[in-house]
Amino acid sequence: MPAIIFSFGIIILIIILLILFFTFVPVGLWITAFFSGVSISLSTLVGMRLRRVRPGHIVNPMIKATKAGLSLDISSLEAHYLAGGNVDTLVDALIAAQRADIPLDFERAAAIDLAGRDVLEAVQVSVNPKVIQTPNISAVAQDGIEVVVKAKVTVRANIARLVGGAGEDTIVARVGEGIVTTVGSSENYKGVLEDPDNISKMVLEKGLDSGTAYEILSIDIADVDVARNIGARLQTDQAEADKRIAEAKASERRAMAMAREQEMRAAVVEAEAQVPLALAEALKSGNLGALDYYKLRNMESDTAMRESISYGAKKKAEKRKDD
């Protein structure tokens with residue numbers, strides 16, 4: 001009985017050890033690599049496990065690269081994986097570049113991948129150019145008419161400038177700046193509508209893809225619409241501002257004239273107040289007689305009557321004119 005228990009324990013222990021061995025050592029992956037022509041030892045696979053690297057993420061791309069005729073070092077792939085790169089995408093990009101006869105070595109592809117760019121997409125865009133559509137770009141010609149332009153920019157990825165090169169946003173911004181400058185140099189908006197290709201030619205001549213990760217192949221004007229008359233609006237605003245300034249100055253002059261009139265009236269009232277005093281002084285000193293005083297009063301009454309008659313006649317004439 002004890003011998004049976006001992007044998008049964010040995011069998012269980014062997015089974016557990018075999019399970020741990022096949023779990024820790026990817027024998028199946030080693031067999032697949034061996035028959036795929038990839039030379040890799042079991043110790044290397046065990047080392048990957050110890051370094052917390054999933055062997056399948058290294059071996060499977062290595063098999064793919066070997067079948068495609070690429071000569072890659074498995075240590076380099078593992079180092080790229082440990083650095084946070086995508087090994088599978090990297091190998092796919094290298095295979096695509098080889099098929100398209102694009103010069104792309106492992107080190108540059110790894111640098112592009114670690115820089116945060118999709119290296120496979122970059123190769124695909126290098127083979128099949130990409131179209132970037134700009135938003136509506138507002139520009140004003142020299143005659144003051146605003147036009148709204150929408151363009152389509154065809155670009156191809158520049159593998160050599162993917163690391164450190166500017167992206168799509170820079171391309172769109174530079175194209176927009178070039179369109180605004182080109183339209184602004186046109187004498188009138190009709191010239192822009194008649195020959196939109198002229199905008200494309202002038203913008204392309206500016207070398208807008210300098211320092212970017214793309215090479216601009218063409219700029220096509222998709223749509224040109226006439227918007228507002230900015231020049232007329234500015235002139236209207238300027239005229240309104242000038243009008244307000246003139247009204248303010250006129251109000252200032254009117255206020256000064258009224259103040260001056262009030263001053264003159266005050267001076268007249270003050271002078272009139274001195275007349276009775278002067279008459280009294282003349283009567284007292286004997287320089288003015290009673291007869292002279294009465295003549296003066298008659299003259300004042302006659303003058304007042306004449307002014308009243310004249311004012312009434314003036315009013316009647318104005319009324320007849322209005323009728």
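The values are calculated or read from the model by the stated rules, or taken from the named source; none is laboratory data. Only a predicted model underlies this, so the values are computations on that prediction, with no experimental measurement involved. Please note: Cβ atoms are built from the backbone with ideal geometry, for glycine as well, and neighbour counts cover all protein chains shown. With ligands, DNA and RNA removed, areas are computed over all heavy atoms of the protein, side chains included. Shrake-Rupley method; radii C 1.70, N 1.55, O 1.52, S 1.80 Å.
Points worth noting:
- When the test is whether a residue is exposed (fewer than 11 other Cβ atoms within 10 Å of the Cβ), of a type in the set (D, E, K, R), assigned to a helix (DSSP H, G or I) and at pLDDT below 80, Glu270 passes it.
- Those residues of segment 47-59 which are open to solvent by 80 Å² or more (accessible area, probe 1.4 Å) and more than 45 Å from the chain's Cα centre (by Cα), in sequence order: Arg49, Leu50, Arg51, Arg52
- Scanning segment 159-190 for residues that are buried (at least 17 other Cβ atoms within 10 Å of the Cβ), out of contact with any helix residue (DSSP H, G or I) (no Cβ under 6 Å at 6 or more places or on another chain) and assigned to a loop (DSSP other than H, G, I, E, B) gives a single hit, Gly165.
- Segment 95-113: number of residues that are farther than 16 Å from His57 by Cβ, outside any loop (DSSP other than H, G, I, E, B) and either among the hydrophobic types (A, V, I, L, M, F, W, C) or in contact with a Lys or Arg (Cβ under 8 Å, 6 or more places away or on another chain) (or both): 7
- Within segment 130-151, the set of residues being open to solvent by 50 Å² or more (accessible area, probe 1.4 Å) and under 14 Å from Tyr214 (Cβ atoms) comprises Lys130, Val131.
- Members of segment 154-193 that are in contact with a strand residue (DSSP E or B) (Cβ under 8 Å, 6 or more places away or on another chain), more than 24 Å from Asp143 (Cβ to Cβ) and of a type in the set (A, V, I, L, M, F, W, C): Val155, Ala157, Ala166, Ile171, Val172
- Options Ala109, Ala68; residue that is open to solvent by less than 70 Å² (accessible area, probe 1.4 Å), in contact (Cβ under 8 Å) with a residue 24 or more places away in the chain and among the aliphatic types (A, V, I, L, M): Ala68
- All conditions in (1) open to solvent by 60 Å² or more (accessible area, probe 1.4 Å); (2) assigned to a helix (DSSP H, G or I) hold for Lys206, with the sole exception of (2).
- Among the criteria (1) open to solvent by less than 80 Å² (accessible area, probe 1.4 Å); (2) part of a helix (DSSP H, G or I); (3) within 26 Å of Asn128 (Cα to Cα), the one Ile219 does not fulfil is (2).
- Answer residue from segment 154-177, given it is touching a residue at least 40 places away in the same chain (Cβ under 8 Å) and within 14 Å of the chain's Cα centre (by Cα) and is nearest to Asp118 (Cα to Cα) among those: Glu168
- Out of Leu204, Leu234, one residue alone is modelled with pLDDT under 80 and under 19 Å from Ser138 (Cβ atoms). It is Leu234.
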